[in-house]
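Below is one structure; the comments refer to it alone.
The values are calculated or read from the model by the stated rules, or taken from the named source; none is laboratory data. Note that the structure is predicted; figures quoted are calculated from it, not measured. Because the Cβ atoms are built from the backbone with ideal geometry, glycine has one as well, and the counts that use them run over all protein chains shown. For the accessible areas, the whole protein counts, side chains as well, though only heavy atoms, and no ligand, DNA or RNA atoms are used. Shrake-Rupley method; radii C 1.70, N 1.55, O 1.52, S 1.80 Å.
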Amino acid sequence: WCIGHDAGHGTVSKNAKWGNLINRVVGEITHSVVCLTPFVPWQMSHRKHHLNHNHLEKDFSHQWYVREERDNLHPLIELGYTTRMLFLPVLYFVYLFTGIPDGGHVIFYGRLWEGHSMKEKIDAAKSVVVSCATAGLLWSNMGTADFAVVCMGPWVVLSFWLFMVTYLQHHSEDGKLYTDDTFTFEKGAFETVDRDYGKWVNRMSHHMMDGHVIHHLFFTKVPHYRLEAATLALQEGLKEQGQEHLYKQIDTPDYSQEIVKQFYENWFFVDEKQVVRE
């Protein structure tokens, strides 16, 4: 998944002539085939998330709701809140296949596809075909029981891990959200959080968790195998400039308990006081 993630950001290859093709091929193999996640639709929504991180209304992948405005929630969103713990293990699946909250990654609808041409949609559909064909071939050859145990079981574990990691990276008690009047790319990036899960968990996860701030600042520049060194450089640079207060890092050794606690207590709510308005 990390390699496909790098391909989505164009950091697998920077070759002027062949880079785009190499990143596409690597992304299709690692994401569309191995991870059964359509590469191009995911790449589109993920890029929009990076460009609008911690924007109250324009962020992708992360929906935000002001707690004080709960009475105004759409009935379906209210239902999502009420059943939040039931769907916690499969929310990545819900995000990809139902399109909540951004739009479908398999069936193309919603704000994700606003402004995109038919040519772009056809190109994205190729990734969907690859993922669906891969899943279909595996299912037909392995049978339902083996496919469920060998493929979908690990996929659910992967999807829960991705949701947990991503959620905790973007939620903190002092986190701020911005509006059109107050948002800048840099402000949004520094509202993300580096989470320390412990030395070996960090290493085995390629520093996805404890190297997230630098990733949001330079998402088209730093591949996953440079995150640790780049994070140390960021910390040192901020300290030299007297700006180390901008960097957020939280020790989270009990991450499985933390995601349950945070999601139960806060879901996707933020307090009005966390929203920076003009």
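Key figures
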read-out	value
Relative pair counts by distance (%), Cα atoms of the stretch 116-270, 10 Å bins	9, 28, 29, 24, 9, 1
Translational diffusion of the stretch 18-76, µm² s⁻¹ [Kirkwood Rh, Cα pairs; Stokes-Einstein; 37 °C; 0.692 mPa s]	240
Hull shadow area, averaged, the chain [alpha-carbon convex hull, nm²]	16.3
Under the span-like rule (Cα at least 30 Å along the axis, Kyte-Doolittle mean at least -0.5), DSSP H helices of the chain	118-142
Heavy-atom accessible surface of the stretch 76-143: percent carbon and sulfur, 1.4 Å	74
Packing-based order for 179-189, 142-152, 33-43, using average beta carbon neighbours within 10 Å, highest first	33-43, 179-189, 142-152
Average accessible area per residue (Å²) across the chain - probe 1.4 Å, nucleic acids and ligands excluded	52
Scattering curve values for the stretch 237-278, log₁₀ I(q)/I(0), Debye with Cα scatterers, q = 0.16, 0.17, 0.20, 0.27 Å⁻¹	-0.72, -0.78, -0.87, -0.92
Kirkwood Rh and Cα Rg combined as Rg/Rh, the stretch 43-91	1.03
Per residue convex hull volume, Cα atoms of the stretch 1-122, in Å³	126
Unsatisfied cross-links (Cα-Cα over 28 Å) in the set 119/176; 121/261; 126/187; 187/239; 14/199; 48/199	119/176; 121/261; 126/187; 14/199; 48/199
Carbon plus sulfur fraction of accessible area for the stretch 158-278, probe 1.4 Å, in percent	53
Kirkwood-type radius of the stretch 77-191, with distances r between different C-alpha atoms, in Å	17.1
Radius of gyration and Dmax over the Cα atoms of the stretch 154-226, both given in Å	13.5, 43
5 angstrom amide H check on residue 177, placed H, neighbours 5+ away	275, 276
Stokes-Einstein D in µm²/s, Kirkwood radius over Cα pairs - the stretch 178-277 at 20 °C with 1.002 mPa s viscosity	143
